[in-house]
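Just below is one structure, and these are the notes that go with it.
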Amino acid sequence: MPATSRHDPVFAAVDLGATSGRVITGRVGPGELVLTEAQRFANTPVRLPDGLHWDVLALYQGMLDGLRAAARSGPVASVGIDTWAVDYGLLDADGSLLGLPFHYRDGRNTGAAEEVLARFDAGELYGVGGLQHLPFNTVFQLAAHRSSAQWPLARTVLLMPDLLVYWLTGTVGAEVTNASTTGLFDARTGDWSDALTGRLGLERSLFPALREPGTRAGVLLPHVAGFTGLPADTPVTTVASHDTASAVAAVPATEPGFAYVSCGTWSLAGLELDAPVLTEESRAANFTNERGVDGTVRYLRNIMGMWLLEECRRTWEREGTPTDLAGLLADAARARPFAAVIDPDDPVFLAPGDMPSRIDEVLARTGQAAPAGPGGYVRCVLESLALAHRRTLREAARLAGRDLTRIHLVGGGSRNELLCQWTADATGLPVTAGPAEATALGNVLLQARAHGLVGGLPELRALVARTQELRHYVPRGDQRSWDRAAERLTAQP
(Lines give C-alpha, C1' and ligand atoms only; values in the text may rest on other atoms or scores of the structure.)
Protein backbone atom coordinates (compact mmCIF):
# COMPACT_ATOMS: atom_id res chain seq x y z
CA MET A 1 0.00 0.00 0.00
CA PRO A 2 1.59 3.32 -0.98
CA ALA A 3 2.49 5.71 1.81
CA THR A 4 1.08 9.18 1.95
CA SER A 5 3.32 11.89 0.62
CA ARG A 6 3.86 15.26 2.18
CA HIS A 7 2.78 16.55 -1.22
CA ASP A 8 -0.69 14.98 -0.87
CA PRO A 9 -3.40 17.61 -0.24
CA VAL A 10 -4.22 18.42 3.38
CA PHE A 11 -7.77 19.28 4.42
CA ALA A 12 -8.71 20.98 7.69
CA ALA A 13 -11.84 19.62 9.38
CA VAL A 14 -13.45 21.76 12.07
CA ASP A 15 -15.48 19.31 14.14
CA LEU A 16 -17.52 20.77 17.00
CA GLY A 17 -19.25 18.49 19.47
CA ALA A 18 -21.36 19.09 22.54
CA THR A 19 -18.40 19.07 24.95
CA SER A 20 -15.35 19.89 22.84
CA GLY A 21 -14.19 21.11 19.47
CA ARG A 22 -11.28 20.01 17.35
CA VAL A 23 -9.47 21.06 14.25
CA ILE A 24 -8.16 17.95 12.53
CA THR A 25 -6.06 17.80 9.40
CA GLY A 26 -6.56 14.97 6.95
CA ARG A 27 -4.08 13.89 4.33
CA VAL A 28 -5.66 11.98 1.46
CA GLY A 29 -3.57 10.11 -1.08
CA PRO A 30 -3.81 6.95 -3.21
CA GLY A 31 -5.11 4.29 -0.84
CA GLU A 32 -4.30 6.37 2.24
CA LEU A 33 -6.26 8.43 4.71
CA VAL A 34 -4.45 9.87 7.74
CA LEU A 35 -5.86 12.21 10.38
CA THR A 36 -3.84 14.41 12.74
CA GLU A 37 -5.31 16.49 15.52
CA ALA A 38 -4.09 20.08 15.18
CA GLN A 39 -5.87 21.48 18.24
CA ARG A 40 -8.62 20.62 20.71
CA PHE A 41 -10.58 23.10 22.79
CA ALA A 42 -13.43 22.96 25.29
CA ASN A 43 -17.05 23.66 24.44
CA THR A 44 -18.43 24.97 27.72
CA PRO A 45 -22.01 26.32 27.71
CA VAL A 46 -22.74 29.44 29.76
CA ARG A 47 -25.84 30.11 31.83
CA LEU A 48 -27.02 33.72 31.58
CA PRO A 49 -30.08 35.30 33.23
CA ASP A 50 -32.22 34.40 30.21
CA GLY A 51 -31.07 30.78 29.92
CA LEU A 52 -28.40 28.35 28.78
CA HIS A 53 -26.29 29.43 25.79
CA TRP A 54 -23.44 28.21 23.63
CA ASP A 55 -20.31 30.34 24.01
CA VAL A 56 -20.02 30.65 20.24
CA LEU A 57 -17.36 33.38 20.46
CA ALA A 58 -15.06 31.06 22.39
CA LEU A 59 -15.79 28.31 19.87
CA TYR A 60 -14.96 30.64 17.00
CA GLN A 61 -11.68 31.68 18.62
CA GLY A 62 -10.81 28.03 19.29
CA MET A 63 -11.52 27.28 15.64
CA LEU A 64 -9.25 30.12 14.47
CA ASP A 65 -6.46 28.99 16.79
CA GLY A 66 -6.87 25.46 15.47
CA LEU A 67 -6.72 26.62 11.85
CA ARG A 68 -3.53 28.53 12.67
CA ALA A 69 -2.07 25.34 14.12
CA ALA A 70 -3.18 23.45 11.00
CA ALA A 71 -1.48 26.03 8.76
CA ARG A 72 1.82 25.35 10.51
CA SER A 73 1.62 21.68 9.48
CA GLY A 74 1.74 22.47 5.77
CA PRO A 75 -0.38 23.82 2.91
CA VAL A 76 -4.12 23.44 3.55
CA ALA A 77 -6.22 22.83 0.44
CA SER A 78 -9.61 23.49 2.04
CA VAL A 79 -11.53 23.98 5.29
CA GLY A 80 -14.84 22.28 6.23
CA ILE A 81 -17.06 22.69 9.30
CA ASP A 82 -19.47 20.28 11.00
CA THR A 83 -21.35 20.69 14.29
CA TRP A 84 -24.39 19.35 16.07
CA ALA A 85 -27.84 20.15 14.67
CA VAL A 86 -30.94 22.27 15.50
CA ASP A 87 -29.30 25.29 17.22
CA TYR A 88 -28.91 28.61 15.44
CA GLY A 89 -27.97 32.28 15.63
CA LEU A 90 -30.00 35.28 14.53
CA LEU A 91 -28.41 38.01 12.40
CA ASP A 92 -29.72 41.56 12.11
CA ALA A 93 -29.84 43.65 8.93
CA ASP A 94 -26.13 44.49 9.28
CA GLY A 95 -25.18 40.81 9.62
CA SER A 96 -24.40 41.14 13.33
CA LEU A 97 -25.23 38.32 15.75
CA LEU A 98 -28.20 39.04 18.01
CA GLY A 99 -27.00 37.42 21.23
CA LEU A 100 -25.38 34.08 21.98
CA PRO A 101 -27.23 31.09 20.48
CA PHE A 102 -29.40 29.18 22.91
CA HIS A 103 -28.44 25.65 23.94
CA TYR A 104 -30.91 22.94 22.91
CA ARG A 105 -31.05 21.75 26.53
CA ASP A 106 -32.32 25.14 27.71
CA GLY A 107 -35.69 25.05 29.44
CA ARG A 108 -37.25 27.79 27.26
CA ASN A 109 -38.45 25.11 24.81
CA THR A 110 -40.99 23.86 27.34
CA GLY A 111 -44.42 24.54 25.91
CA ALA A 112 -43.14 25.77 22.54
CA ALA A 113 -44.04 22.49 20.83
CA GLU A 114 -47.64 22.87 21.97
CA GLU A 115 -47.77 26.33 20.36
CA VAL A 116 -46.63 24.91 17.03
CA LEU A 117 -48.88 21.87 17.21
CA ALA A 118 -51.83 24.15 17.86
CA ARG A 119 -51.41 25.33 14.26
CA PHE A 120 -50.54 21.96 12.75
CA ASP A 121 -51.83 18.47 13.20
CA ALA A 122 -48.83 16.35 14.19
CA GLY A 123 -49.45 14.04 11.25
CA GLU A 124 -49.52 16.98 8.84
CA LEU A 125 -46.24 18.32 10.21
CA TYR A 126 -44.62 14.89 9.89
CA GLY A 127 -46.01 14.41 6.39
CA VAL A 128 -43.98 17.40 5.20
CA GLY A 129 -40.82 17.34 7.31
CA GLY A 130 -40.70 13.70 8.40
CA LEU A 131 -38.95 14.77 11.58
CA GLN A 132 -38.79 12.98 14.90
CA HIS A 133 -40.65 14.89 17.60
CA LEU A 134 -38.06 16.33 19.96
CA PRO A 135 -38.82 19.32 22.20
CA PHE A 136 -35.71 21.16 21.00
CA ASN A 137 -36.30 20.91 17.24
CA THR A 138 -35.48 24.23 15.58
CA VAL A 139 -39.11 24.89 14.66
CA PHE A 140 -40.04 24.78 18.36
CA GLN A 141 -37.03 26.86 19.42
CA LEU A 142 -37.99 29.55 16.92
CA ALA A 143 -41.51 29.57 18.30
CA ALA A 144 -40.06 30.19 21.76
CA HIS A 145 -37.70 32.87 20.42
CA ARG A 146 -40.40 34.93 18.72
CA SER A 147 -41.47 36.49 22.03
CA SER A 148 -37.98 37.94 22.63
CA ALA A 149 -36.87 41.52 22.01
CA GLN A 150 -34.35 40.18 19.47
CA TRP A 151 -36.93 38.75 17.11
CA PRO A 152 -38.15 41.97 15.42
CA LEU A 153 -34.52 42.75 14.54
CA ALA A 154 -33.79 39.32 13.03
CA ARG A 155 -33.25 39.13 9.29
CA THR A 156 -31.42 35.80 8.92
CA VAL A 157 -31.45 32.45 10.74
CA LEU A 158 -28.13 30.60 10.50
CA LEU A 159 -27.64 27.14 11.96
CA MET A 160 -24.42 26.75 13.93
CA PRO A 161 -22.11 25.52 11.15
CA ASP A 162 -23.54 28.04 8.71
CA LEU A 163 -22.90 30.84 11.22
CA LEU A 164 -19.24 29.84 11.51
CA VAL A 165 -18.90 29.57 7.72
CA TYR A 166 -20.37 33.08 7.49
CA TRP A 167 -17.77 34.43 9.91
CA LEU A 168 -14.98 32.77 7.92
CA THR A 169 -16.14 33.79 4.45
CA GLY A 170 -18.80 36.49 4.69
CA THR A 171 -21.16 34.31 2.62
CA VAL A 172 -24.62 33.24 3.76
CA GLY A 173 -26.13 29.81 3.08
CA ALA A 174 -27.78 26.81 4.69
CA GLU A 175 -26.22 23.38 4.29
CA VAL A 176 -28.88 20.82 3.48
CA THR A 177 -28.11 17.99 5.95
CA ASN A 178 -28.39 20.40 8.87
CA ALA A 179 -31.36 22.26 7.38
CA SER A 180 -33.22 18.95 7.25
CA THR A 181 -33.16 18.75 11.07
CA THR A 182 -35.09 21.98 11.61
CA GLY A 183 -38.67 20.84 11.07
CA LEU A 184 -39.04 23.50 8.36
CA PHE A 185 -37.61 21.42 5.51
CA ASP A 186 -39.70 19.48 3.01
CA ALA A 187 -38.43 15.90 3.06
CA ARG A 188 -39.85 15.20 -0.41
CA THR A 189 -38.74 18.28 -2.34
CA GLY A 190 -35.43 18.83 -0.55
CA ASP A 191 -36.11 22.53 -0.01
CA TRP A 192 -37.45 24.82 2.69
CA SER A 193 -41.20 24.35 3.08
CA ASP A 194 -43.12 27.50 2.17
CA ALA A 195 -46.24 25.90 3.63
CA LEU A 196 -44.67 25.39 7.05
CA THR A 197 -42.86 28.73 7.27
CA GLY A 198 -45.92 30.61 6.03
CA ARG A 199 -48.45 29.07 8.40
CA LEU A 200 -46.08 29.54 11.34
CA GLY A 201 -45.69 33.22 10.51
CA LEU A 202 -41.98 32.92 9.74
CA GLU A 203 -40.71 35.12 6.94
CA ARG A 204 -39.31 32.92 4.17
CA SER A 205 -36.47 35.44 3.75
CA LEU A 206 -35.10 34.39 7.17
CA PHE A 207 -33.87 31.13 5.68
CA PRO A 208 -30.93 31.28 3.25
CA ALA A 209 -30.54 29.36 0.02
CA LEU A 210 -29.54 25.73 0.52
CA ARG A 211 -26.07 24.36 -0.17
CA GLU A 212 -25.22 20.75 -0.99
CA PRO A 213 -22.19 18.97 0.49
CA GLY A 214 -19.21 19.31 -1.80
CA THR A 215 -19.91 22.84 -3.02
CA ARG A 216 -17.69 25.83 -2.34
CA ALA A 217 -19.09 28.24 0.24
CA GLY A 218 -16.45 30.91 -0.34
CA VAL A 219 -12.87 31.80 0.53
CA LEU A 220 -11.40 33.10 3.75
CA LEU A 221 -11.92 36.76 4.57
CA PRO A 222 -8.65 38.75 4.63
CA HIS A 223 -8.56 39.17 8.42
CA VAL A 224 -9.20 35.42 8.90
CA ALA A 225 -6.40 34.55 6.49
CA GLY A 226 -4.10 37.02 8.23
CA PHE A 227 -4.76 35.58 11.69
CA THR A 228 -4.57 31.91 10.74
CA GLY A 229 -1.67 32.15 8.30
CA LEU A 230 -3.70 30.38 5.63
CA PRO A 231 -3.63 31.78 2.07
CA ALA A 232 -6.36 34.32 1.33
CA ASP A 233 -7.72 32.13 -1.47
CA THR A 234 -8.17 29.08 0.78
CA PRO A 235 -11.67 27.73 -0.01
CA VAL A 236 -14.21 26.80 2.64
CA THR A 237 -15.96 23.71 1.32
CA THR A 238 -19.51 22.85 2.31
CA VAL A 239 -19.37 19.40 3.88
CA ALA A 240 -22.19 17.40 5.47
CA SER A 241 -22.32 19.96 8.26
CA HIS A 242 -24.55 17.94 10.56
CA ASP A 243 -21.95 15.85 12.36
CA THR A 244 -24.07 12.71 12.11
CA ALA A 245 -24.36 13.12 8.35
CA SER A 246 -20.56 13.33 8.07
CA ALA A 247 -20.22 10.28 10.33
CA VAL A 248 -22.69 8.24 8.26
CA ALA A 249 -20.81 9.18 5.08
CA ALA A 250 -17.71 7.58 6.65
CA VAL A 251 -19.43 4.34 7.73
CA PRO A 252 -17.08 1.64 6.33
CA ALA A 253 -19.91 -0.40 4.80
CA THR A 254 -18.94 -2.57 1.84
CA GLU A 255 -22.12 -4.63 1.67
CA PRO A 256 -25.87 -3.93 1.54
CA GLY A 257 -28.20 -4.40 4.47
CA PHE A 258 -26.20 -2.40 6.98
CA ALA A 259 -27.50 -0.34 9.86
CA TYR A 260 -25.50 2.27 11.73
CA VAL A 261 -25.22 3.68 15.22
CA SER A 262 -23.32 6.95 15.44
CA CYS A 263 -22.58 6.94 19.14
CA GLY A 264 -21.37 9.92 21.14
CA THR A 265 -23.35 12.26 23.37
CA TRP A 266 -26.33 10.92 21.42
CA SER A 267 -26.77 7.53 19.79
CA LEU A 268 -28.18 8.07 16.30
CA ALA A 269 -29.38 4.65 15.19
CA GLY A 270 -30.86 3.94 11.81
CA LEU A 271 -30.61 3.11 8.12
CA GLU A 272 -29.59 4.82 4.91
CA LEU A 273 -32.49 4.99 2.45
CA ASP A 274 -33.16 6.36 -1.00
CA ALA A 275 -36.48 7.99 -0.03
CA PRO A 276 -38.15 9.18 3.18
CA VAL A 277 -40.65 7.09 5.12
CA LEU A 278 -43.52 9.48 5.92
CA THR A 279 -46.21 7.06 7.04
CA GLU A 280 -48.36 7.53 10.11
CA GLU A 281 -46.79 4.40 11.58
CA SER A 282 -43.35 5.93 11.16
CA ARG A 283 -44.51 9.12 12.87
CA ALA A 284 -46.01 7.18 15.77
CA ALA A 285 -42.71 5.35 16.16
CA ASN A 286 -40.95 8.75 16.26
CA PHE A 287 -38.45 8.18 13.45
CA THR A 288 -36.79 11.03 11.63
CA ASN A 289 -35.99 11.48 7.94
CA GLU A 290 -32.90 13.66 7.60
CA ARG A 291 -30.82 14.31 4.51
CA GLY A 292 -27.55 12.55 3.93
CA VAL A 293 -24.91 12.87 1.25
CA ASP A 294 -25.95 12.53 -2.42
CA GLY A 295 -29.66 12.86 -1.68
CA THR A 296 -29.78 9.86 0.65
CA VAL A 297 -32.09 9.81 3.66
CA ARG A 298 -30.87 9.12 7.18
CA TYR A 299 -33.82 7.25 8.62
CA LEU A 300 -33.06 7.16 12.31
CA ARG A 301 -34.07 7.87 15.85
CA ASN A 302 -32.17 9.91 18.43
CA ILE A 303 -31.32 7.97 21.56
CA MET A 304 -29.88 9.71 24.59
CA GLY A 305 -26.46 8.07 24.28
CA MET A 306 -23.22 8.41 26.24
CA TRP A 307 -24.62 11.61 27.77
CA LEU A 308 -26.06 9.38 30.51
CA LEU A 309 -22.65 7.94 31.39
CA GLU A 310 -20.79 11.23 31.11
CA GLU A 311 -23.29 13.04 33.34
CA CYS A 312 -22.90 10.22 35.90
CA ARG A 313 -19.13 10.69 35.77
CA ARG A 314 -19.44 14.46 36.20
CA THR A 315 -21.64 13.95 39.26
CA TRP A 316 -19.25 11.44 40.81
CA GLU A 317 -16.30 13.71 40.09
CA ARG A 318 -17.98 16.55 42.00
CA GLU A 319 -18.55 14.14 44.89
CA GLY A 320 -14.92 12.97 44.90
CA THR A 321 -15.67 9.45 43.59
CA PRO A 322 -13.06 8.01 41.16
CA THR A 323 -14.25 8.39 37.57
CA ASP A 324 -11.51 6.61 35.61
CA LEU A 325 -13.42 5.15 32.67
CA ALA A 326 -11.35 1.97 32.42
CA GLY A 327 -11.98 1.23 36.09
CA LEU A 328 -15.70 1.96 35.79
CA LEU A 329 -16.02 -0.34 32.77
CA ALA A 330 -14.16 -3.12 34.58
CA ASP A 331 -16.55 -2.75 37.51
CA ALA A 332 -19.51 -2.76 35.10
CA ALA A 333 -18.32 -6.00 33.51
CA ARG A 334 -18.36 -7.64 36.95
CA ALA A 335 -21.72 -6.20 38.02
CA ARG A 336 -24.88 -8.33 37.99
CA PRO A 337 -26.41 -8.51 34.50
CA PHE A 338 -29.80 -6.84 33.99
CA ALA A 339 -30.11 -5.81 37.62
CA ALA A 340 -31.79 -2.62 36.38
CA VAL A 341 -32.86 -1.35 32.96
CA ILE A 342 -34.10 2.09 31.96
CA ASP A 343 -35.42 3.84 28.86
CA PRO A 344 -32.55 6.19 27.90
CA ASP A 345 -35.07 8.51 26.24
CA ASP A 346 -37.04 9.25 29.40
CA PRO A 347 -37.33 13.09 29.35
CA VAL A 348 -36.06 13.24 32.92
CA PHE A 349 -32.55 12.53 31.60
CA LEU A 350 -32.39 15.45 29.12
CA ALA A 351 -31.19 18.32 31.32
CA PRO A 352 -27.72 18.58 32.85
CA GLY A 353 -27.35 17.65 36.50
CA ASP A 354 -27.21 14.77 38.96
CA MET A 355 -27.75 11.78 36.67
CA PRO A 356 -27.40 8.95 39.25
CA SER A 357 -30.19 10.47 41.34
CA ARG A 358 -32.46 10.72 38.30
CA ILE A 359 -31.71 7.10 37.42
CA ASP A 360 -32.68 6.21 40.99
CA GLU A 361 -35.97 8.09 40.57
CA VAL A 362 -36.82 6.19 37.39
CA LEU A 363 -35.88 2.86 38.95
CA ALA A 364 -38.04 3.57 42.01
CA ARG A 365 -40.94 4.55 39.75
CA THR A 366 -40.61 1.26 37.84
CA GLY A 367 -40.18 -0.94 40.91
CA GLN A 368 -36.46 -1.63 40.54
CA ALA A 369 -33.67 -1.35 43.09
CA ALA A 370 -30.89 1.19 42.72
CA PRO A 371 -27.60 -0.26 41.35
CA ALA A 372 -24.83 -1.29 43.72
CA GLY A 373 -22.08 1.30 43.26
CA PRO A 374 -20.81 3.17 40.19
CA GLY A 375 -20.12 -0.05 38.29
CA GLY A 376 -23.79 -1.02 38.64
CA TYR A 377 -24.91 2.34 37.26
CA VAL A 378 -22.55 2.02 34.30
CA ARG A 379 -23.84 -1.49 33.56
CA CYS A 380 -27.42 -0.23 33.79
CA VAL A 381 -26.66 2.59 31.32
CA LEU A 382 -24.77 0.44 28.79
CA GLU A 383 -27.21 -2.49 28.83
CA SER A 384 -30.09 -0.03 28.46
CA LEU A 385 -28.36 1.63 25.49
CA ALA A 386 -27.80 -1.76 23.86
CA LEU A 387 -31.52 -2.52 24.32
CA ALA A 388 -32.40 0.87 22.82
CA HIS A 389 -30.16 0.11 19.81
CA ARG A 390 -31.95 -3.22 19.40
CA ARG A 391 -35.45 -1.73 19.63
CA THR A 392 -34.68 1.17 17.30
CA LEU A 393 -32.91 -0.79 14.56
CA ARG A 394 -35.46 -3.60 14.49
CA GLU A 395 -38.28 -1.09 14.24
CA ALA A 396 -36.50 0.93 11.54
CA ALA A 397 -35.95 -2.21 9.47
CA ARG A 398 -39.62 -3.19 9.80
CA LEU A 399 -40.94 0.25 8.89
CA ALA A 400 -38.58 0.60 5.91
CA GLY A 401 -39.05 -2.99 4.72
CA ARG A 402 -35.36 -3.85 5.05
CA ASP A 403 -33.43 -6.92 6.19
CA LEU A 404 -30.38 -6.16 8.32
CA THR A 405 -27.10 -8.05 8.06
CA ARG A 406 -24.66 -5.94 10.11
CA ILE A 407 -24.45 -2.94 12.42
CA HIS A 408 -21.69 -0.36 12.02
CA LEU A 409 -21.10 1.43 15.31
CA VAL A 410 -19.02 4.57 14.74
CA GLY A 411 -17.98 7.57 16.81
CA GLY A 412 -16.53 7.77 20.30
CA GLY A 413 -18.80 5.02 21.59
CA SER A 414 -17.07 2.55 19.26
CA ARG A 415 -14.14 2.55 21.72
CA ASN A 416 -16.43 1.15 24.44
CA GLU A 417 -15.99 -2.60 24.07
CA LEU A 418 -18.80 -3.45 26.48
CA LEU A 419 -21.30 -1.34 24.56
CA CYS A 420 -20.20 -2.82 21.23
CA GLN A 421 -20.38 -6.40 22.47
CA TRP A 422 -23.69 -5.91 24.25
CA THR A 423 -25.16 -4.28 21.13
CA ALA A 424 -24.18 -7.39 19.17
CA ASP A 425 -25.61 -9.64 21.90
CA ALA A 426 -28.86 -7.68 22.20
CA THR A 427 -29.54 -7.45 18.46
CA GLY A 428 -28.20 -10.85 17.41
CA LEU A 429 -26.26 -9.11 14.62
CA PRO A 430 -22.52 -8.75 14.06
CA VAL A 431 -21.16 -5.32 14.96
CA THR A 432 -18.25 -3.59 13.24
CA ALA A 433 -16.88 -0.91 15.56
CA GLY A 434 -15.07 2.12 14.22
CA PRO A 435 -13.83 4.41 13.09
CA ALA A 436 -14.02 6.47 16.25
CA GLU A 437 -13.26 9.61 14.24
CA ALA A 438 -16.00 8.98 11.68
CA THR A 439 -17.27 12.57 11.75
CA ALA A 440 -13.86 14.10 11.03
CA LEU A 441 -13.20 11.46 8.37
CA GLY A 442 -16.48 12.24 6.63
CA ASN A 443 -15.69 15.94 6.77
CA VAL A 444 -12.21 15.43 5.26
CA LEU A 445 -13.37 12.98 2.61
CA LEU A 446 -16.16 15.23 1.35
CA GLN A 447 -13.60 18.01 0.97
CA ALA A 448 -11.29 15.58 -0.85
CA ARG A 449 -14.14 14.52 -3.11
CA ALA A 450 -14.80 18.16 -4.00
CA HIS A 451 -11.15 18.28 -5.09
CA GLY A 452 -11.56 15.18 -7.27
CA LEU A 453 -9.52 12.81 -5.07
CA VAL A 454 -12.27 10.27 -4.28
CA GLY A 455 -15.50 9.28 -6.01
CA GLY A 456 -18.99 8.45 -4.78
CA LEU A 457 -20.08 7.05 -1.43
CA PRO A 458 -19.09 3.43 -2.23
CA GLU A 459 -15.52 4.46 -3.10
CA LEU A 460 -15.32 6.81 -0.14
CA ARG A 461 -16.50 4.11 2.27
CA ALA A 462 -14.19 1.49 0.76
CA LEU A 463 -11.25 3.82 1.47
CA VAL A 464 -12.34 4.12 5.10
CA ALA A 465 -12.67 0.32 5.38
CA ARG A 466 -9.17 -0.21 3.96
CA THR A 467 -7.35 2.39 6.00
CA GLN A 468 -8.98 2.66 9.43
CA GLU A 469 -8.76 0.44 12.48
CA LEU A 470 -11.94 -1.59 12.89
CA ARG A 471 -12.99 -4.19 15.46
CA HIS A 472 -15.58 -6.90 14.96
CA TYR A 473 -18.00 -8.37 17.49
CA VAL A 474 -20.25 -11.39 17.03
CA PRO A 475 -23.33 -12.16 19.13
CA ARG A 476 -22.63 -14.42 22.07
CA GLY A 477 -24.36 -15.77 25.14
CA ASP A 478 -28.03 -16.46 25.68
CA GLN A 479 -30.13 -13.98 23.70
CA ARG A 480 -33.17 -15.03 25.73
CA SER A 481 -31.75 -12.98 28.60
CA TRP A 482 -31.84 -9.91 26.36
CA ASP A 483 -35.36 -10.82 25.25
CA ARG A 484 -36.51 -10.95 28.85
CA ALA A 485 -34.81 -7.62 29.66
CA ALA A 486 -36.51 -6.05 26.62
CA GLU A 487 -39.87 -7.37 27.80
CA ARG A 488 -39.27 -5.88 31.26
CA LEU A 489 -38.52 -2.52 29.67
CA THR A 490 -41.63 -2.64 27.49
CA ALA A 491 -43.80 -3.46 30.51
CA GLN A 492 -42.55 -0.47 32.53
CA PRO A 493 -45.12 2.28 33.20
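Among the residues of region 264-318, those identified as aliphatic (A, V, I, L, M), touching a residue at least 60 places away in the same chain (Cβ under 8 Å) and in a loop (DSSP other than H, G, I, E, B) are 277, 278, 285, 306. Which one of the conditions (1) exposed (fewer than 14 other Cβ atoms within 10 Å of the Cβ); (2) of a type outside the set (Gly, Ala, Ser); (3) touching a strand residue (DSSP E or B) at 6+ places or on another chain (Cβ under 7 Å) does residue 49 fail to meet, given that it meets all the rest? The number of the failed condition is (3). Working only within region 146-199, note down all residues that are of a type in the set (Phe, Trp, Tyr) and either at pLDDT below 95 or touching a His at 6+ places or on another chain (Cβ under 9 Å) (or both). Residue satisfying the conditions is 151 alone. If you go through region 241-281 and keep only what is more than 11 Å from the chain's Cα centre (by Cα), buried (at least 20 other Cβ atoms within 10 Å of the Cβ) and among the aliphatic types (A, V, I, L, M), you end up with 249, 250, 251, 253, 259, 271, 277. When you scan region 165-178, do you find a residue that is buried (at least 21 other Cβ atoms within 10 Å of the Cβ), closer than 15 Å to residue 138 by Cα and without any contact (Cβ under 8 Å) to a residue 40 or more places away in the chain, even just one? Yes, region 165-178 has at least one match. Scanning region 62-105 for residues that are part of a helix (DSSP H, G or I) and out of contact with any helix residue (DSSP H, G or I) (no Cβ under 7 Å at 6 or more places or on another chain) gives 62, 65, 66, 69, 70, 72. Taken over region 107-133, the criterion of being aliphatic (A, V, I, L, M) and buried (at least 19 other Cβ atoms within 10 Å of the Cβ) is satisfied by 112, 113, 116, 125, 128, 131. Residues that are outside the structural domain of residue 274 (by TED's automatic domain parsing) and touching a helix residue (DSSP H, G or I) at 6+ places or on another chain (Cβ under 6 Å) number at least 3 in none of the strands (runs of 3 or more DSSP E) confined to region 186-263. Scanning region 38-61 for residues that are within 11 Å of residue 21 (Cβ to Cβ) and in a strand (DSSP E or B) yields a count of 4.
The values are calculated or read from the model by the stated rules, or taken from the named source; none is laboratory data. This is a predicted model, so every value here is computed, not measured. Cβ atoms come from the backbone with ideal geometry, glycine included; neighbour counts cover every protein chain shown.
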